[in-house]
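*Asks:* The structure's right below; bear with me while I get my questions together.
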Amino acid sequence: MWWETRGRMLQKHGVAPIEQRLDRLAAFVGRLPIAAATRRAFPISCSTVYSAEAGRGDRRSGEIPTLYGPSQFEEHFQMALCRGVCLITVLFFTIPGGTAGDRPSGRDFATRSEVIARHGMAATSQPLATMTALEILRKGGSATDAAIAANAVLALMEPTGCGLGGDLFAMVWDSDSEQLYGLNGSGRSPRDLTLQHFTDQGLKQIPARGVMPLSVPGCVDGWFALHKRFGRLPMEDVLAPAIRYAEEGFPVSEVIAMYWKIGGNALRDQPGFADVFLPGGRAPEKGDVFRNPGLAATLRTLSSGGRDAFYTGRVAETIADFVKQHGGWLSAEDLALHRSEWVAPVSVRYRGVDVWELPPNGQGIAALQMLNLLESAEMAEIGFGSPLHVHLFVEAKKLAFEDRARLYADPQFADIPVERLISKEYAAERLKLLDRNQAAARYPVGLPHSLEEGDTIYLTVADSDRNMVSLIQSNYRGFGSGICPPGLGFCLQNRGELFDLQQGRFNTYAPGKRPFHTIIPAFATRDGKPFLSFGVMGGATQPQGHVQIIMNVLDFGMNIQEAGDAPRILHSGSSEPTGEQMLDGGTVDLESGFSAGLREELTKRGHRFKPAPGQFGGYQGIMYDSERDVYFGASESRKDGMAAGY
């Protein structure tokens, strides 16, 4: 019949089947005040489920519509007719919060259209940071200038994920040389803190808070290294918007306010934290105006004194003295010795596109390993949200993460076999371990590996000269360690928590060593030209998110906004670089948008489910269409951000 043909067409383009829409109607009615009376007249029994065609990714704050499970269309249709759904339908579509609005084009789960512009584009996790990037571009700044300016604004406005006390990684496409450059701006552990100290304390892991997980903050040096090579405007101009906002104040946005409250409750007793981030003794709420005069002063110091003002001047002395006062080891010497490192990005080819990541100590090559494992599967035919799609994705992640747990570390302390790990031959060997019908409880590490949940910001900027920047910056867990030296306006990161305290491993703690790192920018080129600058925030979610973005675009034909808004898959419980080992297969969580039938099929294959709310990351992306010479920008709904261009 015509409606069956229409239904198949709509499903193909990501529109929910009618039975799922009716289920949402029934679920909504069940939540109304008149629910008890309605159930007697409308006895539909529903179980909570998620549908790939219907739902979008989950926001982290505000109200989220709940979808409910499908049965046969005829059963729903007859029940609807018999139970007087006409009245309830009127209620459903007139009472706020019942469901999300329907877009007139594209896929149902897309929250907005892509932003399309010719001259410049920026996508960040906070609208004012995006507008700052455009302000810098319009003044004649490069994509690098705009990225630094946006990062500085985010250090003020999203301290729940980034700041001057954290680390930075970036990739820059330079249109003049037509090359992609990589920067590792991660800091090292204190030289006076030894592994023996942790052993003497009887610790199995480095604590998340306080002075023990501190490492040198690499963000500021990363800014100045990027600016020296690719900047145009004076640093005073680049940092001016952040200074202005820090002095005048800005209204806190919704998702950030939620995380600020959570972080504030956890860290209020850490030295200096409440003085900076809990004005009046509480976290600012959505819409409250927050000022940070200490950060404004620090940025002014950097504007005039450069990176040395941070690493050898007053800022360094303040950090070292405060840490020592509270029993820590991070010293002025540690700060003075720090330098960022320019590194060569590495890539694999997937569906004709070269996908680029930075090599360890970060986890970027896990995404490349996963793509190699998934390349042999005909994903376009398998279909988005199908049991086989999710199963293969999860098992590929588990395989790659075994290598991630034991082989990713600071290459200055271990010989990391990067070329072997991302080779097609190695993927073919590892693929033999993957059962298409059954989830594995454990996988072995593929190569010799001994030595005989956090938050982040990601941003991307492109300028009129077709330079593009992919930049990620983080404190690790939210605000970081909670240690806030007086008068500086920022927290020190707790990235050192990611060292392994077991002797003899690649990522084992050592003085002056960079820990395993989770933050990873991504980039893709096609035929030697820039194609996509993108990233997904959120700890171990990041490589999983990178792979899903690439698959959504290349396998499932989504535009770059849909690719980010689509519901995500998240596997947790893999072996970790801090020593934990997966023995039970870990757990899977699916965002609102995957069907009950999918969960049932995955359960039959041996997968276990466990909720992981708020851990599905946050994405920004810019695509360059070289044929039409146009930028497409995207920023997903899981964060407060936006994309904008001119």
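*Asks:* Consider region 228-258. How many of its residues are open to solvent by 50 Å² or more (accessible area, probe 1.4 Å) and part of a helix (DSSP H, G or I)? If you could, list the steps in order and put the result at the bottom.
*Replies:* So the first thing to find is which residues in region 228-258 are open to solvent by 50 Å² or more (accessible area, probe 1.4 Å), and the list is 228-229, 232, 234, 236-237, 244, 247-248, 251, 254, 258.
Going one step further and asking which of them are part of a helix (DSSP H, G or I), we end up with 228-229, 236-237, 244, 247-248, 254, 258.
The number of residues fulfilling the criteria is 9.
*Asks:* Which condition from (1) in contact with a Cys (Cβ under 7 Å, 6 or more places away or on another chain); (2) assigned to a strand (DSSP E or B) is the one that V536 breaks?
*Replies:* (1)
*Asks:* Tell me yes or no: at least one residue of region 610-618 is farther than 16 Å from L532 by Cβ, open to solvent by 10 Å² or more (accessible area, probe 1.4 Å) and basic (K, R).
*Replies:* Within region 610-618, one or more residues are farther than 16 Å from L532 by Cβ, open to solvent by 10 Å² or more (accessible area, probe 1.4 Å) and basic (K, R).
*Asks:* Name the residue, out of P530, P515, that is of a type outside the set (A, V, I, L, M, F, W, C), more than 18 Å from the chain's Cα centre (by Cα), modelled with pLDDT of 95 or more and under 23 Å from S572 (Cα atoms).
*Replies:* On the way: P530 fails: under 23 Å from S572 (Cα atoms).
From the options P530, P515, the qualifying one is P515.
*Asks:* Sort through A208, A170 and tell me the only one that's closer than 19 Å to A522 by Cβ and either open to solvent by less than 10 Å² (accessible area, probe 1.4 Å) or not acidic (D, E) (or both).
*Replies:* None of the others qualify; the one that does is A170.
*Asks:* Show me the helices (runs of 4 or more DSSP H) entirely contained within region 342-437 in which 2 or more residues are of a type outside the set (G, A, S) and open to solvent by 20 Å² or more (accessible area, probe 1.4 Å). Full working, then the answer.
*Replies:* On the way: elements: 364-374, 379-382, 387-407, 418-421, 424-431.
Ranges flagged: 379-382, 387-407, 418-421, 424-431.
*Asks:* Kindly indicate the residue of region 622-646 that is open to solvent by less than 30 Å² (accessible area, probe 1.4 Å) and aliphatic (A, V, I, L, M) and also farthest from S113 (Cα to Cα) among those meeting that condition.
*Replies:* Step by step, filter region 622-646, then rank; the result is V630.
*Asks:* If the Cβ limit is 6 Å and pairs must be 6+ apart or interchain, which residue in region 152-169 that is small (G, A, S) pairs with which residue that is open to solvent by 10 Å² or more (accessible area, probe 1.4 Å) and assigned to a strand (DSSP E or B)?
*Replies:* G161/D455
Residue-wise test of (1) in contact with a strand residue (DSSP E or B) (Cβ under 9 Å, 6 or more places away or on another chain); (2) over 20 Å from L471 (Cα atoms); (3) of a type in the set (V, I, T).
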{"position": "R339", "(1), (2), (3)": "no, no, no"}
{"position": "D354", "(1), (2), (3)": "yes, no, no"}
{"position": "A367", "(1), (2), (3)": "yes, no, no"}
{"position": "L373", "(1), (2), (3)": "no, yes, no"}
{"position": "L388", "(1), (2), (3)": "no, yes, no"}
{"position": "F393", "(1), (2), (3)": "yes, yes, no"}
{"position": "F401", "(1), (2), (3)": "yes, yes, no"}
{"position": "L407", "(1), (2), (3)": "no, yes, no"}
{"position": "E419", "(1), (2), (3)": "yes, yes, no"}
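*Asks:* Report the residue count in region 563-606 for those that are in contact with a strand residue (DSSP E or B) (Cβ under 6 Å, 6 or more places away or on another chain) and open to solvent by 10 Å² or more (accessible area, probe 1.4 Å).
*Replies:* Here the count works out to 6.
*Asks:* Give the residues of region 309-331 that are closer than 16 Å to M212 by Cα and of a type in the set (G, A, S), sorted by residue number.
*Replies:* Within region 309-331, A320, G327, G328, S331 meet the criteria.
*Asks:* Looking at region 511-531, which of its residues are within 23 Å of A414 (Cβ to Cβ) and surrounded by fewer than 19 Cβ atoms within 10 Å (Cβ to Cβ)?
*Replies:* P511, G512
*Asks:* Then there's this: Does any residue in region 387-414 that is within 30 Å of V343 (Cβ to Cβ) come within less than 6 Å, Cβ to Cβ, of a residue that is among the basic types (K, R) and crowded, with 24+ Cβ neighbours inside 10 Å six or more places away or on a different chain, and which pairs are these?
*Replies:* As it stands, the answer is D410/R514, since those pairs meet every condition given.
*Asks:* For region 239-269, enumerate the residues that are polar (S, T, N, Q) and more than 30 Å from F224 (Cα to Cα). Give the derivation first.
*Replies:* Keep residues of region 239-269 that are polar (S, T, N, Q), which gives 253, 265.
Within region 239-269, just N265 meets the criteria.
*Asks:* A further question on this structure: With respect to H119, determine if the residue is modelled with pLDDT under 90, more than 23 Å from the chain's Cα centre (by Cα) and over 28 Å from A257 (Cβ atoms).
*Replies:* Numbers: modelled with pLDDT under 90: no; more than 23 Å from the chain's Cα centre (by Cα): yes; over 28 Å from A257 (Cβ atoms): yes.
When the stated conditions are applied, H119 does not pass them.
*Asks:* Suppose the filter is hydrophobic (A, V, I, L, M, F, W, C), open to solvent by 40 Å² or more (accessible area, probe 1.4 Å) and within 28 Å of E236 (Cα to Cα); does L164 pass it?
*Replies:* On the way: hydrophobic (A, V, I, L, M, F, W, C): yes; open to solvent by 40 Å² or more (accessible area, probe 1.4 Å): no; within 28 Å of E236 (Cα to Cα): yes.
When the stated conditions are applied, L164 does not pass them.
*Asks:* What residue, among those in region 444-477 that are at pLDDT 90 or above and outside any strand (DSSP E or B), is surrounded by the most Cβ atoms within 10 Å (Cβ to Cβ)?
*Replies:* D463
Each row is one residue, and each column tells you yes or no for (1) out of contact with any Lys or Arg (no Cβ under 8 Å at 6 or more places or on another chain); (2) among the hydroxyl-bearing types (S, T, Y); (3) at pLDDT 95 or above.
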{"site": "S215", "(1), (2), (3)": "no, yes, yes"}
{"site": "G222", "(1), (2), (3)": "yes, no, yes"}
{"site": "R232", "(1), (2), (3)": "yes, no, yes"}
{"site": "E248", "(1), (2), (3)": "no, no, yes"}
{"site": "V252", "(1), (2), (3)": "no, no, yes"}
{"site": "F273", "(1), (2), (3)": "yes, no, yes"}
{"site": "G281", "(1), (2), (3)": "yes, no, yes"}
{"site": "T298", "(1), (2), (3)": "yes, yes, yes"}
{"site": "L302", "(1), (2), (3)": "yes, no, yes"}
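The values are calculated or read from the model by the stated rules, or taken from the named source; none is laboratory data. It should be emphasised that the depicted structure is a prediction, and the values quoted were computed from it without experimental measurement. Cβ: placed from backbone, ideal geometry, glycine included. Neighbour counts: every protein chain shown. Side chains included, ligands, DNA and RNA excluded: accessible areas come from the protein's heavy atoms. Shrake-Rupley method; radii C 1.70, N 1.55, O 1.52, S 1.80 Å.
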